[in-house]
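Visitor: Next up is a structure, given as structure tokens.
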Amino acid sequence: MTIGMTSWDEAGIRARMREMAAGDPERALFGAGTHRYELAPALPEAEIGAFEEEHGIRLPADYRSFVAEVGNGPAGPGYGLMPLTVPRPEAVEDWAADGEWQEDRLPGRLATPFPLTDPLPGAIGALADDLTPGTLMLADEGCCMYIRLILTGPRAGEIWRLDTDWGGFVPASPDFRTWYTEWLRRP
């Protein structure tokens, strides 16, 4: 489904979304009722560049190219990919994921060095707020479990899972491309 190191096969991914939707008409796969196997339009390069400049970061190439070539969410793992530049159309006050999305966009937060060099397994509770600077929340897995893309430091580009109650903050995938492609390959 990919061409080269950073390019994506948009037509192939959109075709896979149609296959996944046809195979799950009841939207029984976890999160499918939220993302509906739909992809928003890709973002213009200027909008992505403005986001990076505003936040003092450079997005990892595989995620950046996905947003530029394929779509700005939502079809994806968990309840789907969160949009990069504007809140979800269905954003609601009582959904914690929307609060996480807003917090990530506070001035300086994304450019702050990611504080961990090693995984932190186990319950971490309220400590999580101190661990997420330098990361971008990509997806909500429910029950305040989030998938985050590391943006700064030696772990930049990796995908980590944050589960404050049980699992801690640990690597989930070496990069966005691997993480997303594994989801696409689900039966």
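Visitor: Give me the pairs, please: first residue somewhere in the stretch 17-34 and over 14 Å from Trp183 (Cβ atoms), second residue anywhere and among the polar types (S, T, N, Q) and surrounded by 12 or more Cβ atoms within 10 Å (Cβ to Cβ), beta-carbon distance under 9 Å, and either six or more positions apart or on two chains.
Guide: As it stands, the answer is Arg27/Thr34, since those pairs meet every condition given.
Visitor: Thr112 - would you say it is in a loop (DSSP other than H, G, I, E, B), under 16 Å from Pro44 (Cα atoms), touching a residue at least 24 places away in the same chain (Cβ under 8 Å) and among the β-branched types (Val, Ile, Thr)?
Guide: Values: in a loop (DSSP other than H, G, I, E, B): yes; under 16 Å from Pro44 (Cα atoms): no; touching a residue at least 24 places away in the same chain (Cβ under 8 Å): yes; among the β-branched types (Val, Ile, Thr): yes.
Here the answer is no, as Thr112 does not meet what is asked.
Matching residues to (1) touching a strand residue (DSSP E or B) at 6+ places or on another chain (Cβ under 7 Å); (2) surrounded by fewer than 20 Cβ atoms within 10 Å (Cβ to Cβ); (3) at pLDDT below 90; (4) farther than 24 Å from Gly153 by Cβ:
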{"residue": "Glu19", "(1), (2), (3), (4)": "no, yes, no, yes"}
{"residue": "Gly23", "(1), (2), (3), (4)": "no, yes, no, yes"}
{"residue": "Glu26", "(1), (2), (3), (4)": "no, yes, no, yes"}
{"residue": "Ala46", "(1), (2), (3), (4)": "no, yes, no, yes"}
{"residue": "Arg58", "(1), (2), (3), (4)": "no, yes, no, no"}
{"residue": "Ala75", "(1), (2), (3), (4)": "yes, no, no, yes"}
{"residue": "Glu90", "(1), (2), (3), (4)": "no, yes, yes, yes"}
{"residue": "Leu106", "(1), (2), (3), (4)": "no, yes, no, no"}
{"residue": "Pro113", "(1), (2), (3), (4)": "no, yes, no, no"}
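Visitor: Write out, first by first residue and then by second, each pair whose Cβ atoms fall under 7 Å of each other, whose residues are 6+ apart or on separate chains, and whose first residue, in the stretch 147-160, is free of Cβ contacts under 8 Å to residues at least 40 places away in the same chain and aliphatic (A, V, I, L, M) while the second is open to solvent by 10 Å² or more (accessible area, probe 1.4 Å) and part of a loop (DSSP other than H, G, I, E, B).
Guide: Taking only residues 6 or more apart or on different chains, the pairs are Ile150/Phe114; Ile150/Ala156; Ile150/Gly157; Ile150/Glu158; Ile159/Asp175.
The values are calculated or read from the model by the stated rules, or taken from the named source; none is laboratory data. None of the values given here were measured: they were computed from a predicted structure. Note: ideal-geometry Cβ built from the backbone for every residue, glycine included; neighbour counts use all protein chains shown. Just the protein is used for accessible areas: all its heavy atoms, side chains included, with ligands, DNA and RNA removed. Shrake-Rupley method; radii C 1.70, N 1.55, O 1.52, S 1.80 Å.
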